[in-house]
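What follows is a single structure, written as structure tokens, with notes after it.
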Amino acid sequence: MGDRSDEFVEREGGERSTDELLEETERLLSGSNAGVDGDSSTEASASVSTDTESAERTSLRSRLPSLPRPSLEGAFSPTAFLALVVALGAGFFAGELVIPIAGQIVGMFAVAFAIGLATSKRRYLETAAAGASVGGIAAVVSNAVLAVAGSGRAVLAVGVSAGLVACLVGYYFGRDLRNGLFQDLE
């Protein structure tokens, strides 16, 4: 079947409404069997019909705007994640040395706050993953007896949750302060 580019009408600026696109799609798909002869065998008819439909779908796809495909390349950086794991782990142990009760969480919060204040690129996903990892591993190691006794899931859940919340809140406040410091006054 020939190209139906003569039926393609664009508006000013090349934008068409969704209703127009749907109507054209229905018209193209319903008219796909109009050019097939009924006197040939069923197999030949099915072959021509399939070729016609695939050509029309290809033609329709080429007319529709293509959407960008999501990729994880810009969303998650493994090197930033590893750097955050090391920094948050150091904050965990430093907080434990300075403050005896809840010092680990305060240390992770302080490091995440400092990282949010210092960096210009948003790294919420890496910070969340690193905070959850450090919190979970530290909770299981610190409470190994409870983990082995059968409460391993509970200990891991508490550690992951505490690390995740402390790091995300600290990172958020650090970024918020950074935005406030570098924002122009009116």
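The values are calculated or read from the model by the stated rules, or taken from the named source; none is laboratory data. Bear in mind that the values here come from a model prediction, so they are computed numbers and not experimental data. Reconstructed Cβ throughout: ideal geometry from the backbone, glycine too, with neighbour counts over all protein chains shown.
Quick notes
- Selection status of Ala139, touching a Cys at 6+ places or on another chain (Cβ under 9 Å), surrounded by 17 or more Cβ atoms within 10 Å (Cβ to Cβ) and touching a residue at least 12 places away in the same chain (Cβ under 8 Å): no
- Top-ranked residue in segment 100-135 [being of a type in the set (A, V, I, L, M, F, W, C) and at pLDDT below 90; ranked as farthest from Ala87 (Cα to Cα)]: Ile101
- Meeting the requirement of 3 or more residues that are touching a Phe, Trp or Tyr at 6+ places or on another chain (Cβ under 7 Å) and not β-branched (Val, Ile, Thr), the helices (runs of 4 or more DSSP H) wholly within segment 77-186 are 103-118, 124-142, 152-182.
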